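Readers should treat all values here as calculations from the given coordinates under stated rules, not as data from a laboratory. Nothing here was measured: the structure is a model prediction, and the numbers come from that model.
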Amino acid sequence: MKRKPMYRQAALALVAALFVLACAGGALAVTATPVPSNTPEPTDTPLPTASPTATPKPTSTPKPTATEIPPTLTPAPIGVAVTYDSLEITLLDVVPHSQIVTGGSYFYYSKPGETFIDLAVRVRNLEPDNPVRIPWSYIYVVEPKGIWYPIYGVTRIVNDGSEFDPYNLDIKFEIKGEDIVEFYNDTYLRLIYYVVDDPDQVLIFGIGDSPLIHFQLEK
């Protein structure tokens, strides 16, 4: 997948810095601002299962200046909450897929060596009377190949404190990086990213300038 050269060098340098600092146990400074999105190109008509694949097509967006991410000795694992101002962020689960279905009709298939990853996330606003607004482009995954915001995503707000499984949400719409997510009470998110299919690589998830969460793909 091709990327614009002006962003590739910066993204790779940032990824290298993330992994070096995470392993060294030092403070971490990184741009957590709008990042490129791998965007699959939809077919003109709904596809049956046996139809040809739709090839994901990457796009690039500029990254403005960023603030420092708070020091994190090591990125947190799946299931451990991290705190970002009034937000408590928990990566609940990660599931890889060779294909996804959007809108109940459109099928997208990953290329060899690449995969879709399906993230279940809970963001709890510890000050629910003060909603937090964050662009989709600030909800990102870092891999050695680049930094991406989700290509598809959906949210559900839960006000009564009960548990909810984000995988019960249907993926319907392509994400636009400039659109805003509002966090009230408990907000559950289902996020689809497109990354290299390598179970040995460590990926990093973050929202804005939050402490980081790391994970690997399980087969």
- Item | In sequence order, calculated HN-Hα J values of segment 135-143 (Karplus, 6.51, -1.76, 1.60; Hz; x Gly/Pro) | x, 4, 5, 9, 10, 10, 10, 10, 10
- Query: Can you give the alpha-carbon Rg of segment 83-137 over 2.2 N^0.38 Å, where N counts its residues?
  - Reply: 1.56
